[in-house]
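A short worksheet on the structure shown next.
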Amino acid sequence: MLIPIDRLIDGLVQTLTEAVLPDVRTPFARGQVYAAIDVLRNLRDRIEEKVASLEAEAGSAQAALDQAAASLRTGGAGVADTVAAQIEAARAAAPRTPAGARRASLRQALIEAMTALDTLPSEIAAAARAAISGHLASQAMRDVADLKPSLLSEISRG
C-alpha cells in the first residue's frame, strides 16, 4: 500500500510536534525541530503541483497574452501588428493538455512576448506590458498564498 506524500508529511509533522518536541530540552535543538517542522509544512503542498494551480496560472497567462495582443492591435497604429501576431501565435501554440505542459508553454509565450515588446516604442508597448505585469503580480500572490504561516518565532525562541 502506498501512502500519499501529503499524508506522510502530515504524519511526520504530527510526530515531531507531539512526540519529539516535548522531549527536546535545549533551545538550540528545539529551534532545529521547529525549523524542520516549518520546512515540512511548506513542502507538503509543493511536492506535487496541483492541477487547479496549474490551470489558474495558465488561464491568467492566456488572458494576459490576449489582452497584450489586443492592446497592440488597437493602440499600435499598425506598427505593432507583427508583434501582436507573434504573441497570438505563441499563445495559440500552447497545448490544451496536460496542464503542466500548457503552463510551461504559456510561460515561454510570456517570455517571448516581453522580448518582442522590447522592440517597440515604450508608449506603444505600455498597455501590453501592463497586461503581462498584472498576470505576473497575480501569479506571485498565488504562489505566496500557498505558504503556511512561519514558525520563525518558535524557531528563534527554541
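Observations on the structure shown:
- Each of ASP38, ASP118, ASP23 has some number of other Cβ atoms within 10 Å of its Cβ, and from fewest to most they run ASP23, ASP118, ASP38.
- Protection-proxy order for peptides 24-31, 2-9, each taking the mean of Cβ atoms within 10 Å per residue, highest first: 24-31, 2-9
- Computed FRET value (nearest 0.05) for THR26 with ALA92, which takes r as the C-beta separation and R₀ as 41 Å: 0.10
- Fewest-first ranking of VAL83, VAL20, using other Cβ atoms within 10 Å as the exposure measure: VAL20, VAL83
- Overall form of segment 6-106 per C-alpha gyration tensor (a/c, 1.5; a/b vs b/c): prolate
- Shown for the chain are no DSSP H helices, since none reaches 24 Å along its axis, judged by Cα atoms, with a mean Kyte-Doolittle hydropathy of at least 0.5.
- Shape call, segment 5-48: gyration tensor on alpha carbons, a/c limit 1.5: oblate
- Efficiency of FRET between ALA101 and ARG142 - r from beta-carbon atoms, R0 22 angstrom, step 0.05: 0.70
Just so you know, all these numbers are worked out from the coordinates, no wet-lab data involved. All of these numbers come straight from a predicted model, not from anything done at the bench. Every residue, glycine as well, gets a Cβ built from its backbone with ideal geometry; the counts of neighbours run over all protein chains shown.
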